[in-house]
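First the structure, in the form of structure tokens, and then the observations on it.
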Amino acid sequence: MSREIFCIFYQCRMKGLDYYIYPEYIGQIIFNQISKKAWNQWLNQQTKLINENNLNMMNKKHFNFLKKNMIKFLFFKNQ
């Protein structure tokens, strides 16, 4: 069963995620306001950032860098 949400990334109603993808409060916002399509677009961007910057997700600074970029990508696209 697919959920329909208003995706703030694309500014229209779209299929929502099937389950929580990210922890904490930001995970709730993503689940309720980011579509599957937008999330998949972020995953592609995330892969590029990890590879281009040689990020190690066990490194807290690298993880925080990626988290900041995720928030910027998903929520501040038009700014």
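Computed from the coordinates by the stated procedures, all read-outs in this text should not be read as laboratory data. A quick note: this is a predicted structure, and the numbers were derived from the prediction, not measured. With ideal geometry, Cβ positions are generated from the backbone for all residues, glycine too; neighbour counts draw on all protein chains shown.
Percent relative contact order of the chain, based on C-alpha pairs within less than 8 angstrom and at least six residues apart?
Numbers: 84 pairs, mean separation 19.4, N = 79.
Averaging sequence separation for qualifying contacts and normalising by length gives 25 percent for the chain.
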In Hz, Karplus ³J(HN,Hα) per residue of region 61-69 (6.51, -1.76, 1.60; θ = phi - 60°; x = Gly, Pro): 5, 5, 4, 5, 4, 5, 4, 4, 5
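Quote to one decimal, in nm, the extra length available between LYS68 and ILE26 on full extension: 0.36 nm per residue of separation minus the C-alpha distance between them. Show your work: numbers first, answer last.
On the way: separation 42, 0.36 × 42 = 15.12 nm, distance 1.13 nm.
Length gained, LYS68 through ILE26: 14.0 nm.
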In region 1-51, the chymotrypsin sites (Phe, Trp or Tyr not before Pro) that fall in loop regions by DSSP, at most 12 other Cβ within 10 Å: TYR19, TYR20
Sequence of LEU43, LEU66 once ranked by neighbouring C-beta atoms within 10 Å, starting from the fewest: LEU43, LEU66
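Could you please rank ILE30, ILE8, placing first whichever residue has the fewest other Cβ atoms within 10 Å of its Cβ? Let's see the in-between values first.
Values: ILE30 21, ILE8 17.
The fewest-first ordering by Cβ neighbours comes to ILE8, ILE30.
Please compute the net charge surrounding TYR10, taking Lys and Arg as +1 and Asp and Glu as -1 over other residues with Cβ under 13 Å from its Cβ.
Values: positive: ARG13, LYS15, LYS36, LYS37, LYS77; negative: GLU4.
Residues close to TYR10 contribute a combined charge of +4.
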Residue-span extension gain [LYS15 to THR47] - 0.36 nm each, minus C-alpha spacing: 9.3 nm
